[in-house]
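The values are calculated or read from the model by the stated rules, or taken from the named source; none is laboratory data. Just so you know, these numbers come straight off a predicted model, no measurement behind them. Ideal geometry is used to build each Cβ from the backbone, glycine not excepted, and the neighbour counts take in all protein chains shown.
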Amino acid sequence: MSNNVGSYTVGDDIVDTKAPSGPVEDRWDKRRFGAKLVNPANRRKHRVIVVGTGLAGGSAGATLAEQGYQVIQFCYQDSPRRAHSVAAQGGINAAKNYRNDGDSIYRLFYDTVKGGDFRSRESNVYRLAQVSVEIIDQCVAQGVPFAREYGGLLDNRSFGGVQVSRTFYARGQTGQQLLLGAYQALSRQIDAGNIEMHPRTEMLDLVVVDGRARGIVARDLVTGEISTYLADAVVLATGGYGNTFYLSTNAKGSNATAIWRAHKRGAYFGNPCYTQIHPTCIPRSGEHQSKLTLMSESLRNDGRIWVPKSKGDTRSPDQIPEDERDYYLERIYPSFGNLVPRDVASRAAKNVCDEGRGVGPGGLGVYLDFADAIKRMGRDKVSEKYGNLFEMYERITAEDPYQVPMRIYPAIHYTMGGLWVDYDLQSTIPGMFVIGEANFSDHGANRLGASALMQGLADGYFVLPSTINDYLARGGLDQVAPDDPAVTTTVAEVQDRIKRLLAVDGDRTVDSFHRELGTLMWDECGMSRNAEGLKKALRRIPELREEFWQRVKVPGTGYELNQSLEKANRVADFLELAELMCLDALHREESCGGHFREESQTDDGEAKRDDENFSYVAAWEYTGVGEPPVLHKENLDFEYVHPTLRSYA
Ligand SMILES: Cc1cc2nc3c(=O)[nH]c(=O)nc-3n(C[C@H](O)[C@H](O)[C@H](O)COP(=O)(O)OP(=O)(O)OC[C@H]3O[C@@H](n4cnc5c(N)ncnc54)[C@H](O)[C@@H]3O)c2cc1C
């Protein structure tokens with residue numbers, strides 16, 4: 001592309017050299033057998049840094065330490081068990097087929113490739129489906145209290161985009177219970193001296209020596225001290241970047257700093273424009289809101305989504321008779337009904353609101369109604385399944401969902417994009433591995449519900465511990481001296497940036513910049529995108545960035561607990577990443593999954609993919625702030641699940 005707004009250059013194609021060929025069901029075994037091993041006695045000689053203690057990082061740290069590696073682990077929260085994974089509500093998928101309803105590894109693989117709108121790798125997705133069954137056994141063995149049926153067997157429910165019940169859950173607190181399992185495993189290794197745990201410590205840069213990842217530079221968030229940690233490999237498990245949009249369902253602290261700084265050191269960024277908008281969130285209530293709340297997708301198992309048939313109908317829901325309601329998902333998609341995938345449900349909600357049929361303040365809401373479920377199962381049963389979600393809804397909205405339907409609206413929830421990794425989960429910087437939501441790997445252009453926890457734990461408990469050996473065993477990892485110029489330069493750059501942020505001493509708060517960026521991103525790079533809007537955002541973001549560095553006000557010093565400084569550091573990164581997200585969205589002139597380009601839709605308004613021109617992963621190489629990045633394409637081949645028009649009707 002040659003014009004200035006949205007310009008980039010195209011580099012060589014990128015190939016995943018680690019993915020084995022042959023029958024898809026044998027590939028993971030083949031790779032594991034082909035990967036070099038590190039003998040148990042030699043493992044303790046290797047130090048591995050793991051940044052992050054969510055489900056991905058927590059499981060990876062515990063497993064690597066159990067294998068015998070020396071692990072140095074970090075999180076910015078006060079305790080590893082407060083990682084954002086704790087918020088996950090609905091469940092985790094596994095192809096156990098306990099319900100005997102036709103599920104299988106192949107079906108989970110098929111659903112996930114199709115759900116991702118044919119923009120993910122078959123090899124990765126098949127492995128994910130294979131490993132899913134082991135995750136449940138691992139977690140049950142750890143004592144994770146999954147919901148059980150009356151007879152004592154593990155219970156399952158269904159999530160969007162599938163027609164079987166394969167989601168394991170612990171009421172509406174699945175993430176919390178899984179994280180406690182991983183945290184126990186982690187704590188055991190901390191106690192055994194195999195993990196050196198650094199809570200309240202934030203990675204601010206990656207140390208790259210001779211082209212290999214050899215450590216990180218981190219700031220102690222309590223004292224402000226900047227330190228360097230060196231190792232033989234670095235694992236980033238730092239979560240997603242949904243907070244670029246300011247308002248999202250993510251924890252307020254979730255940020256992109258670790259992956260963005262690694263990107264600037266040479267790690268390619270895969271599909272940054274693929275963000276997921278979740279259909280069932282509590283609608284925004286005002287200008288000064290700082291966070292959005294998810295209502296788990298599991299609620300769509302029993303709740304029915306509807307709006308009034310007529311525009312501008314402001315009657316209360318109980319005054320609207322049955323024949324004047326439009327259960328639009330059940331009408332448009334009779335096979336999947338309320339359980340269509342998230343991207344489909346979100347766009348349908350937007351469409352009915354755009355038609356003027358939305359409910360609640362500003363008309364930006366649709367009903368999620370449990371009246372039928374309460375009639376069918378009784379209030380107690382509904383409460384048993386969803387009680388804590390109902391309570392959360394009532395606390396936030398002051399409305400009782402047992403009496404009146406919930407009001408919901410789509411919101412930013414998850415990022416399918418992330419750092420590009422190969423089949424081994426290794427980035428383009430040798431020695432740096434990326435796991436969990438921080439990588440781009442398995443969900444294509446749309447993640448199906450209950451599959452992020454599955455991927456995070458697959459990566460952390462099973463995949464990474466089997467692939468990192470290969471890298472470590474190949475050696476050539478001489479000790480890095482603390483005064484190596486690569487180390488000292490990185491530290492100096494981190495310190496300089498903090499000084500610069502504090503020196504601006506301007507008149508605008510960090511939050512005001514973040515909020516403006518978020519609004520712009522939601523308007524132009526949110527639920528639907530078009531070239532004009534994306535170009536507008538691409539013009540505004542560099543201006544906003546410049547203004548940030550001239551006017552931001554960061555009170556306090558760098559040598560104390562300073563949350564404004566922490567936020568400023570993160571928002572500075574969002575201001576750069578946002579530009580790449582818009583550029584990626586602009587260049588992908590097709591609709592796919594969560595990326596809906598208005599110029600590319602079918603006659604009935606569904607997303608229209610362009611397989612001929614866009615069946616690839618976009619892996620972006622950094623060339624400098626505001627400089628045109630380089631696009632490397634990884635071609636996607638489909639030998640098993642052949643791309644078709646995704647239909648849920
Ligand atoms: C409200 C909500 C509900 C959800 N429900 C479900 C569900 O039911 N099922 C499902 O499958 N998925 C669900 N998801 C998605 C899922 O929870 C996440 O994708 C997943 O938990 C991410 O795990 P992670 O380990 O990759 O990252 P996180 O859990 O976000 O952990 C990131 C870790 O990295 C650390 N970190 C980050 N940056 C730095 C840094 N610079 N320095 C040091 N440490 C750093 C953090 O401290 C933290 O420990 C939900 C998401 C949300 C927002």
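Looking at ALA458, ALA411, can you tell me which residue is crowded, with 22+ Cβ neighbours inside 10 Å, under 26 Å from PHE638 (Cβ atoms) and within 16 Å of the ligand (Cβ to nearest atom)? Write out each step before concluding.
Details: ALA411 fails: under 26 Å from PHE638 (Cβ atoms).
From the options ALA458, ALA411, the qualifying one is ALA458.
Criterion applied to GLY475, GLY444, GLY460, GLY456 was being in contact (Cβ under 8 Å) with a residue 40 or more places away in the chain and on the phi > 0 side of the Ramachandran plot, and the one residue passing it is GLY444. So is ALA182 in a helix (DSSP H, G or I) and within 23 Å of the chain's Cα centre (by Cα) or not? Yes: the conditions hold for ALA182.
Only one entry of ALA492, ALA481 meets the criterion of being of a type in the set (A, V, I, L, M, F, W, C), in a helix (DSSP H, G or I), loosely packed, with under 15 Cβ neighbours inside 10 Å and modelled with pLDDT of 95 or more, and that entry is ALA492. Candidates in region 214-258 are the residues that are of a type in the set (Phe, Trp, Tyr) and under 15 Å from GLY518 (Cα atoms); of these, the one that is nearest to the chain's Cα centre (by Cα) is TYR241. When VAL382 is tested against (1) among the aliphatic types (A, V, I, L, M); (2) surrounded by fewer than 22 Cβ atoms within 10 Å (Cβ to Cβ); (3) in contact with a strand residue (DSSP E or B) (Cβ under 7 Å, 6 or more places away or on another chain), just one condition goes unmet, and that condition is (3).
Name the single residue, out of those in region 186-225 being among the charged types (D, E, K, R) and closer than 22 Å to SER59 by Cα, that is surrounded by the most Cβ atoms within 10 Å (Cβ to Cβ).
Filtering region 186-225 for residues among the charged types (D, E, K, R) gives 188, 191, 196, 200, 202, 205, 210, 212, 214, 219-220, 225.
Retained after the next criterion (residues that are closer than 22 Å to SER59 by Cα): 188, 191, 196, 200, 202, 214.
On the way: ARG188: 14, ASP191: 9, GLU196: 15, ARG200: 16, GLU202: 23, ARG214: 29.
By that ranking, first place goes to ARG214.
One residue stands out in region 166-175 among those that are over 11 Å from SER451 (Cα atoms) and of a type in the set (Ser, Thr, Tyr): the one that is farthest from the ligand (Cβ to nearest atom), namely TYR169. Evaluating SER441 against the criteria (1) modelled with pLDDT under 95; (2) within 30 Å of GLN67 (Cα to Cα); (3) more than 15 Å from the ligand (Cβ to nearest atom) leaves one unmet condition, (3). Remark: pairs (first residue in region 528-553, among the β-branched types (Val, Ile, Thr); second residue at pLDDT below 95 and not in a helix (DSSP H, G or I); Cβ separation under 6 Å; 6+ apart in sequence or on different chains) are absent.
In this structure, does GLY90 turn out to be on the phi > 0 side of the Ramachandran plot, out of contact with any His (no Cβ under 9 Å at 6 or more places or on another chain) and either part of a loop (DSSP other than H, G, I, E, B) or charged (D, E, K, R) (or both)? Judged against the criteria, GLY90 is not a match. Checked against (1) farther than 30 Å from HIS46 by Cα; (2) basic (Lys, Arg); (3) assigned to a helix (DSSP H, G or I); (4) within 14 Å of the ligand (Cβ to nearest atom), ARG81 passes all but a single condition, namely (1). Residue check: is PHE74 at pLDDT 95 or above, of a type in the set (A, V, I, L, M, F, W, C) and within 16 Å of the ligand (Cβ to nearest atom)? In short, yes. The numbered conditions (1) part of a loop (DSSP other than H, G, I, E, B); (2) surrounded by 24 or more Cβ atoms within 10 Å (Cβ to Cβ); (3) away from the ligand (no atom under 11 Å from the Cβ) are all true for ARG315 except (2).
Results for (1) aromatic (Phe, Trp, Tyr); (2) away from the ligand (no atom under 13 Å from the Cβ); (3) part of a loop (DSSP other than H, G, I, E, B); (4) modelled with pLDDT of 95 or more, shown as yes or no for each residue.
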{"position": "GLY160", "(1), (2), (3), (4)": "no, no, yes, no"}
{"position": "VAL164", "(1), (2), (3), (4)": "no, yes, yes, no"}
{"position": "GLN177", "(1), (2), (3), (4)": "no, no, no, yes"}
{"position": "GLY224", "(1), (2), (3), (4)": "no, yes, yes, yes"}
{"position": "GLY253", "(1), (2), (3), (4)": "no, no, yes, yes"}
{"position": "ALA262", "(1), (2), (3), (4)": "no, no, no, yes"}
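Scoring GLY102 on the criteria (1) closer than 19 Å to THR257 by Cβ; (2) surrounded by fewer than 24 Cβ atoms within 10 Å (Cβ to Cβ); (3) not aliphatic (A, V, I, L, M) leaves a single failure, condition (1).
Any residue that is hydrophobic (A, V, I, L, M, F, W, C), in contact with a Pro (Cβ under 9 Å, 6 or more places away or on another chain) and in a helix (DSSP H, G or I) - is there at least one of those in region 543-564? Within region 543-564, none of the residues are hydrophobic (A, V, I, L, M, F, W, C), in contact with a Pro (Cβ under 9 Å, 6 or more places away or on another chain) and in a helix (DSSP H, G or I).
Within region 240-252, residues that are under 10 Å from THR275 (Cα atoms) and among the aliphatic types (A, V, I, L, M) have Cβ atoms under 7 Å from residues that are within 11 Å of the ligand (Cβ to nearest atom) and in a loop (DSSP other than H, G, I, E, B) in no pair, counting only partners at least 6 apart in sequence or on another chain.
Is it true that some residue in region 50-58 is more than 15 Å from LEU425 (Cβ to Cβ) and touching a Phe, Trp or Tyr at 6+ places or on another chain (Cβ under 7 Å)? Looking through region 50-58, at least one residue is more than 15 Å from LEU425 (Cβ to Cβ) and touching a Phe, Trp or Tyr at 6+ places or on another chain (Cβ under 7 Å). Residues of region 237-251 that are more than 8 Å from the ligand (Cβ to nearest atom) and either assigned to a loop (DSSP other than H, G, I, E, B) or closer than 26 Å to ALA481 by Cβ (or both): TYR241, TYR246, LEU247.
Among the residues of region 24-63, those identified as within 16 Å of the ligand (Cβ to nearest atom) and aliphatic (A, V, I, L, M) are VAL48, ILE49, VAL50, VAL51, LEU55, ALA56, ALA60, ALA62.
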